[in-house]
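Report on the structure given below.
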Amino acid sequence: MPDLDTALSAIDAAIADPEGGTPRACGHCGTTLNGSPSDDFCGEECQNEWLAGHVAGPGPVDNGASPDRDLAEQDPARPMPYMPEPPPPPTGAQILDKVTAFVKRFNVFPSEHCAPMLALWYAHTHAAEHFYVTPRLILDSAEPGSGKTRVMEVAQFLVRSAEMTLSATTAALFRLVSDGPITILFDEVDAIFNPQKGGNTEDLRAMLNAGYKRSATIPRCVGDARAMKVERFKVYAPVVLAGIAGHMPDTITTRAITIHMRRRAPTETVEPFKERVVEKQAAPLRDRLATWIGGIANQLSDAEPDMPDGVTDRAAEIWEPLLAIADAAGEHWPETARAACTHFVASNSNRKGSLGIQLLADLRRIFTERNTDRLPSTFIVAALLDMEESDWTDVQGKGRPIEPRRMAKELAKYGVKPTPFKYDGDTVKGYQTTGETGLTDAWSRYLP
């Protein structure tokens, strides 16, 4: 192939003497044009070859055969202007904040601590298997129409694998929990545990109690008579229980965080609940919550959060999962969660409890008001009957007031027994604060 200088010289000569005696030459091969329609090339082939070599530039290093597989991929030196940096994923604190705000859109709660506690409780359902216990959540109220069901209607779209139920049998719940993971949202439980309704609820109560701890199982015989075998059903699962106050067994309430719901005041408003809209809006929030909790699940398994002052024993056991999540979230959540813990533990401590606990509490009040260490039984009974806020005038629900024999029977369960002593110069039988059978020891053990 002629060099470039020779081709250019031939072109220049042809241009310089287009009509002269020197024939024009092809700019690529140098041959005489001899009537070629082009002033520079003898034919289209020469024109294309010349352009390929001098206009298109050098070809690829591998002639386009294949990519270089040994060369690592690299990001461009500068971000493309049409591809902005993706936003960072939301933090745990931001996710919990959004859950709290979402819950408050549809309910008015009796305390500022309720919505943050619910956000933490919903979060714990997505990692319940990483905790030793799953605290029960109780929603009760003095009257219907107080927002209990609405809380659960929103919760079903935020917790893991929600199962809304009204009257499921214990056997059905066994199967549902065993096939889990599942979160049970149990409405109108007052109709089940109300003693006036009759029926045997012991199996359900036992299941709810046992399912509070991860290792719990309940054995049942399954199969026909020829192939009967014992099967251990796993019963560990998060549970929400909603109903009218006063009918929940103490064995359940002591394992629970309780919100005492109230009817909304005329000045209090909430957003209308439209299930399809709420479900659509809650779905991405639930997914973010589940993703975040899944990423810190192993961290939660080993967590030993510090408890607020005075939170010990079962109360500490109940709140450990929620405080562990709050600590992992950071920002304001460790403080917010511990404030909620203190509030709910104090609220639960103020409940009446069993008849014996009420009796111990009222006796402590009587002895404190009179600043004495001993009182006759007859004097104590008269003081109990004089308490307007107590129910000692109808202790058995049949119009029978408390009397010394019934009082002695209740106090004996706590190791407290009547003893004879001198009182105003007479020997009487009554109760003392000191001694092995005195009241002080029982007060320290059973009253906050």
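Mind counting the residues in the stretch 317-357 that are part of a helix (DSSP H, G or I) and open to solvent by 20 Å² or more (accessible area, probe 1.4 Å)?
To start, the set of residues in the stretch 317-357 that are part of a helix (DSSP H, G or I) comprises 317-329, 333-349, 355-357.
Then keep just the ones that are open to solvent by 20 Å² or more (accessible area, probe 1.4 Å); that gives 317, 320, 327-328, 334-336, 338-339, 342-343, 345-349, 355, 357.
The number of residues fulfilling the criteria is 18.
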Any chance the stretch 368-375 includes a residue that's within 15 Å of LEU439 (Cα to Cα), assigned to a loop (DSSP other than H, G, I, E, B) and hydroxyl-bearing (Ser, Thr, Tyr)? yes
Got at least one residue in the stretch 209-222 being under 27 Å from GLU275 (Cβ atoms) and surrounded by 15 or more Cβ atoms within 10 Å (Cβ to Cβ)? no
So for the stretch 380-401 (the condition being over 30 Å from ALA303 (Cα atoms), touching a residue at least 40 places away in the same chain (Cβ under 8 Å) and not basic (Lys, Arg)), does at least one residue qualify? yes
Hey, can you tell me all the residues within the stretch 423-439 that are more than 13 Å from SER377 (Cα to Cα) and open to solvent by 90 Å² or more (accessible area, probe 1.4 Å)? ASP424, ASP426, GLU436
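Quick one: is VAL395 β-branched (Val, Ile, Thr), more than 46 Å from the chain's Cα centre (by Cα), at pLDDT below 90 and farther than 14 Å from LEU360 by Cα? Reasoning before the result, please.
Working: β-branched (Val, Ile, Thr): yes; more than 46 Å from the chain's Cα centre (by Cα): no; at pLDDT below 90: yes; farther than 14 Å from LEU360 by Cα: yes.
So VAL395 fails the test.
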So is VAL428 part of a strand (DSSP E or B) and among the hydrophobic types (A, V, I, L, M, F, W, C) or not? yes
Output the helices (runs of 4 or more DSSP H) that fall wholly within the stretch 89-190 and possess 2 or more residues being crowded, with 21+ Cβ neighbours inside 10 Å and modelled with pLDDT under 95, or say none. 170-178
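The values are calculated or read from the model by the stated rules, or taken from the named source; none is laboratory data. Computed from a predicted structure; not experimentally measured. Don't worry about glycine lacking a Cβ; one is built from the backbone with ideal geometry, like all the others, and counts go over all protein chains shown. Only protein heavy atoms, including side chains, enter the accessible area calculation; ligands, DNA and RNA are left aside. Shrake-Rupley method; radii C 1.70, N 1.55, O 1.52, S 1.80 Å.
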